[in-house]
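*Asks:* Below are the structure tokens for one structure; questions will follow.
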């Protein structure tokens with residue numbers, strides 16, 4: 001009882017009303033995304049420009065995912081996110097942009113035909129996991145790494161059902177993979193089977209086939 005009263009006292013009126021904003025954001029996202037079927041989430045840097053090889057690969061991947069019967073979800077911003085939404089939209093598929101409100105860098109791209117705006121990062125992260133049948137991770141920064149390792153942690157701890165996690169851009173990921181093997185695994189911080197939670201696939205066609213093997217169409 002004392003702990004409960006402490007929590008009640010700690011919630012100022014402004015804090016307690018924030019709960020309703022959180023609930024509303026969850027309800028809006030669930031209502032929208034529950035109609036999106038067989039979605040593959042594409043992650044990657046917001047800083048990549050059109051014409052960059054990674055941009056082109058993400059756009060090609062998204063197009064082939066749509067042709068293979070999938071929808072595409074991205075973070076809704078520029079760079080690889082834009083490429084994913086663009087490829088999906090131009091192929092006539094469902095192209096979801098889950099944009100986060102940030103003071104810089106993140107602006108919605110014009111290629112999402114289903115758009116959701118988030119104030120809270122944690123709600124957006126829940127939606128990425130809840131409605132994806134697979135993740136494809138292209139080169140990116142801290143945000144990309146955050147999404148990658150959150151998915152691996154949830155699968156490793158069996159908090160969610162396992163799904164394909166594909167790293168695309170082998171040259172970019174090689175240093176990280178070597179560190180996982182030569183440091184984390186060597187020092188017994190992870191198990192050998194944890195390295196099987198993700199797959200490196202550089203070819204978009206092979207990535208689509210890999211996902212299709214795990215998804216009932």
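Throughout, read-outs are computed from the coordinates displayed, never taken from laboratory work. Remember, predicted model here, so these are calculated numbers, not experimental data. Counting neighbours? That spans all protein chains shown, and the Cβs are built from the backbone with ideal geometry, glycine included.
*Asks:* Report the extension gain between residue 192 and residue 130 in nm, rounded to one decimal, defined as 0.36 nm multiplied by the number of residues separating them, less their alpha carbon distance.
*Replies:* 19.7 nm
*Asks:* Starting from the 7 Å offset along Cα-to-Cβ, what nm value, one decimal, do you get for the label separation of residue 23 and residue 67?
*Replies:* 4.7 nm
*Asks:* Separate question: For the chain, count the residues as N, evaluate 2.2 N^0.38 Å, and divide the Cα radius of gyration by that value, please.
*Replies:* 1.09
*Asks:* Further question on the same structure: Just to verify a number: FRET efficiency for residue 177 and residue 117, C-beta to C-beta distance, R0 = 35 Å, to 0.05?
*Replies:* So, using R0 = 35 Å, E works out to roughly 0.50.
*Asks:* Further, regarding this structure: In percent, how large is the relative contact order of the range 37-214, given Cα pairs closer than 8 Å and 6 or more residues apart?
*Replies:* The value is 21 percent.
*Asks:* Also: Could you list, bin by bin from short to long, the percent of Cα-Cα pairs of the range 170-217 in 10 Å steps?
*Replies:* Result, from short to long distances: 23, 41, 28, 9, 0 percent.
*Asks:* Grab the DSSP H runs of the chain that are 4 residues or longer, score each as -39,500 (n - 2.57), total them, divide by all residues and round the 222 nm result to the nearest 500 deg cm²/dmol.
*Replies:* -15000 deg cm²/dmol
*Asks:* How far, in nm, would the chain grow between residue 90 and residue 31 when pulled straight, counting 0.36 nm per residue and subtracting the alpha carbon separation?
*Replies:* Separation in residues times 0.36 nm, less the Cα-Cα distance, equals 18.8 nm.
*Asks:* So how much slack lies between residue 159 and residue 213, counting 0.36 nm per residue of separation and subtracting their Cα-Cα distance, in nm?
*Replies:* Working it through step by step, the gained length comes to 17.2 nm.
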